[in-house]
Amino acid sequence: VQLQASGGGSVLAGGSLRLSCVASGMTFSLYTLGWYRQAPGKQRELVAALTPPGITNYADSVKGRFTISRDSAKNTVYLQMNSLKPEDTAVYYCNGQWYRSDYWGQGTQVTVSS
């Protein structure tokens, strides 16, 4: 199983980025897919999650600004991030969970400057 994240970068506050995570070696439709982030000196936190039936869950800090979605035909999960703030700066990781299976991507850096 492999999760390959991409799409990070440096943007000004108020800008947008879209992260992508391509999964391979797994039955994509069975997994709850999520994006987590970890800022320097802080614990990793859940940003957004998407269950197989399509239920979404967002951290309060990103509600209304970030959207998680998936394209099952491409085995890809996305995180559209709008109205970015400096406090969104972190390494973002994609994750897939199904029962006791728990897989992580390698992380992609997002830097938001004011």
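When the accessible area of region 12-63 is split by element with a 1.4 Å probe, what percent falls to carbon and sulfur?
The computed percentage sits at 53.
Evaluate the Debye formula for region 1-112 with equal point scatterers sitting on the alpha carbons, no solvent, and hand back log10 of I(q)/I(0) at q = 0.11, 0.13, 0.20 Å⁻¹, in q order, two decimals.
-0.30, -0.43, -1.01
If the cut-off is a Cα-Cα distance under 17 Å, which lysines reach Lys63, setting aside same-chain residues fewer than 8 apart in sequence?
Lys85
Might you tell me the accessible area per residue for the chain, computed with a 1.4 Å probe and given in Å²?
53
The values are calculated or read from the model by the stated rules, or taken from the named source; none is laboratory data. Treat the numbers as computed from the prediction; the structure is a model and nothing was measured. The area values use the complete protein model at the heavy-atom level, side chains included, leaving out ligands, DNA and RNA. Shrake-Rupley method; radii C 1.70, N 1.55, O 1.52, S 1.80 Å.
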